[in-house]
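The values are calculated or read from the model by the stated rules, or taken from the named source; none is laboratory data. Only a predicted model underlies this, so the values are computations on that prediction, with no experimental measurement involved. Neighbour counts run over all protein chains shown; Cβ positions are idealised from the backbone, glycine included. In case anyone asks, the SASA skips ligands and DNA or RNA and just uses the protein heavy atoms, side chains included. Shrake-Rupley method; radii C 1.70, N 1.55, O 1.52, S 1.80 Å.
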Amino acid sequence: MKNPKRPLMLAVLALGVFMSLPSWGNGMILIPAGSFRMPAFLDKTPRKVNSFYLDKHPVTNAEYLSFVEQHPEWHKSSVKKIFADANYLEYWSGDLDFDKTSGASSPVVRVSWYAARAYCASLGKRLPVIDEWEYVGQMPFKDKNDLKTVILEWYGQSSEWPLPSVMKRSANTAGIYDQHGVIWEWVEDFNSSMVTGESRADAALDRNLFCGGGASSAADPSDYAAFMRYAFRSSLQAKYTVKNLGFRCAKDKD
Amino acid sequence: MKVLKIMLGILSFNLVAGIALAKEDHHHHQEKAATPAAESVKPLKDESIYNLKSELLTVDGKKISLESLKGQPVVISMAYTSCAYACPLIISHMQQLEKELDKKGVRNVHFVLVSFDPKKDTPPVIKKYVEKRKLSKNWDFYTAESDKSPREIATLLGIKYKKIDEMDYDHSFIITVLDSEGVIKGQQSGADKDPKELAKFIKN
């Protein structure tokens, strides 16, 4: 903060780089405002979501490489321990070299919440919040594939490696790719699902999350899938890196 | 440890030299004296939560960096002013710890709260709350310009929270002790624990 102009300069620079390199290609899509019903185990009342921009596909290895080239503090050899666990970018062969077998256009994984956030911030973006992610995630596919089937099939599989390229499957009706079926994704408020019962409030939420989830799974398989996502998020710590956990960025409309 | 001592030696030598050089410049001299050299020069440890470049707002609306808490042990948790049950309990736990430390003659500890609810907890709202709850001069209750800083501080303290409606949050009950460099020394979670036990993590 010694030089107050620096963040501004960086922002302008980042914007310049971003605009001069349309080949990065991760276009954003304006998601219309609307509401969605939370999975039954949490809260059945519809939740409103404002209009916002969301990356068309998860951030890829190539895109993440451009970021670490500009931000050496996020090299795998120099990242601070509190911001990423020891397996950060574990599959990359070097600081500036991702594993060629996993491909430039495969989603980047093994990144912590802090890293994902720093990436988005470097482009003037942010991580989506759970509500935004789930709202878009409930939109049906453009083709006839049934959302529930795709999700549950994927949850039932052992994870694929190397990861496939992004945008190989059908987009949803908003034009968003790969929310289900390839990787899990970080969200800004991942730490808002309680699982460790530290207070009475936590305990109540736990009951909703687990008992409710278990009970509703028989009636509605899509709720079961959502339950898996909420439970997975709540098991995370911000510095964790996971082999099938990546991210995409969002942005406010204005 | 030895290396650290040598480094500190070099730093204090530099400070003396710096003051000697700045003798003519009274203001500069004062500034130097106010900032211990070890704090301003020594890089942060990797484990320090002060690596986080979060910005907070004081009750007077002044922007400060999280890193500015460096220099003395900190007892930290999160709360919000319209919280009816858990937060007053968290504060009361921290006050019990303050009393215990005071009994032991440990008085250089900074008690810090960060609001979950920056939207409603504006600096004036917090100022009123701090007065009402009679928090001592060792306390600071910070807020922020947006949800960004509270969210990232919470991740480092292992605190989970969720807005449940316009008034309330579900949140963890965790009190953390940081050393003077911002490294987590001890934590206590749950309202059923004895906060006095946290005193062992604070060196006099």
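Worth a mention:
- Partner aspartates and glutamates for residue B:127 [C-alpha distance under 14 Å; skip if fewer than 8 residues away on the same chain]: B:60, B:140
- Calculated FRET efficiency for the pair residue B:53/residue A:254, C-beta based, R₀ 30 Å, to 0.05: 0.75
- Region B:48-111 - Kirkwood radius from inverse mean 1/r over Cα pairs (Å): 13.6 Å
- Each Lys or Arg adds one and each Asp or Glu takes one away; over the other residues whose Cβ falls under 10 Å from the Cβ of residue A:183, this sums to -1.
- A 1.4 Å probe run over the protein chains yields, for region B:49-201, 43 Å² of accessible area per residue, whole-number rounding.
- Stretchable slack from residue A:160 to residue A:232, in nm (0.36 nm times residue separation minus alpha-carbon distance): 24.1 nm
- Exceeding the 30 Å Cα-Cα cut-off - candidates A:142/A:251; A:125/B:160; B:99/B:119; B:104/B:134; B:63/B:104: B:99/B:119; B:63/B:104
- Association of chains A and B removes close to 2100 square angstrom of accessible area from solvent, both sides included, for a probe radius of 1.4 Å.
- Taking the inverse of the mean 1/r over every pair of distinct Cα atoms in region B:64-204 gives a Kirkwood hydrodynamic radius of 15.2 Å.
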